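What follows is a set of notes on a single structure, which appears directly below.
Rule-based calculations on the coordinates, nothing more; no lab input. Just so you know, these numbers come straight off a predicted model, no measurement behind them. As a convention, Cβ positions derive from the backbone with ideal geometry for all residues, glycine included, and neighbour counts pool all protein chains shown.
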């Protein structure tokens, strides 16, 4: 009876005792144990012992052929100096490579329309694969390659994906997917409003490079700015500690500067109290109430908080009109892109885009039409004067 294939070649290991040494034959007890095991395995499969032994031989032969083919392919790749041009490189993470760092620096300098996400309880930048592939095909990449020889060449989609996969290979960027932070919890859903465009993500096992996939940056680039900030903070702390050793003129100047800041702070509080009193008075005299600058309760910048100088309290009707105007501007932009609109939307002095005005059809009575047009032009358009922040459309 033929012996089963050795361990690791596809067949079960039948020897119960220690394997025989070189030049030694198995003992009768071991041979009997192997025969019993073969009979049991053959009975489980419903075949005879010779048929089961033949299956083990064929399985061992197939595995041997697969190993030989893998070795031949590996030797061919080593002789050619790399993988074939149309073969995608598998991802096996390792230490950062200079080429991967060069690609990461280039992509970080491009406009990938990054978004902020929460990864391991930290804020990270996230981008789509299609924008990274588009950046690798851009003329800017070819220009960067002429200056930096570490950047690999990109000729087609496959080579672009292989270049992009240098990022997960060096753990500079990883593919992530959106998850619910409260998934699996027994408590009720959180009433906290989710910030638009802010995802909580997790790393995916398959690091592929499809257009719709998202990747998160783990590479933060050069840290020389952070080092300069840390050095500056250290110098400021030392300067404050050594304030008694400053020259007399500098200490006097700091005193005047502190008094000026204190005066500005007092003026700010006085302005806030005055505008609150004015609003309370006008809320009863001329509802809905008048606010003076600055707009303390708007999420805007410093200079934008002074525009407009004054404004009425925003009511629900004003909010509805603002939403209608915003919807009309979006429709106008969409029609302009599709080529359906004859007149492009015009920007006013305040930066708002007005909806396109289409010409009214000619009426039989020209005088009546002209009078209606004059009345429409003479009618003032009322809009809310308080500053608002409009949400940008989230392009996922």
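Structure above, values below:
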item	result
Subset of the range 107-136 [surrounded by 16 or more Cβ atoms within 10 Å (Cβ to Cβ) and assigned to a loop (DSSP other than H, G, I, E, B)]	110, 112, 114
All positions within the range 26-38 that are surrounded by 13 or more Cβ atoms within 10 Å (Cβ to Cβ) and within 18 Å of residue 56 (Cα to Cα)	31, 33, 34, 35, 37, 38
Among residues of the range 143-184, those that are surrounded by fewer than 20 Cβ atoms within 10 Å (Cβ to Cβ), in contact with a strand residue (DSSP E or B) (Cβ under 9 Å, 6 or more places away or on another chain) and part of a loop (DSSP other than H, G, I, E, B), counted	2
Residue that is nearest to residue 314 (Cα to Cα), among those in the range 272-302 that are in contact with a strand residue (DSSP E or B) (Cβ under 8 Å, 6 or more places away or on another chain) and free of Cβ contacts under 8 Å to residues at least 24 places away in the same chain	290
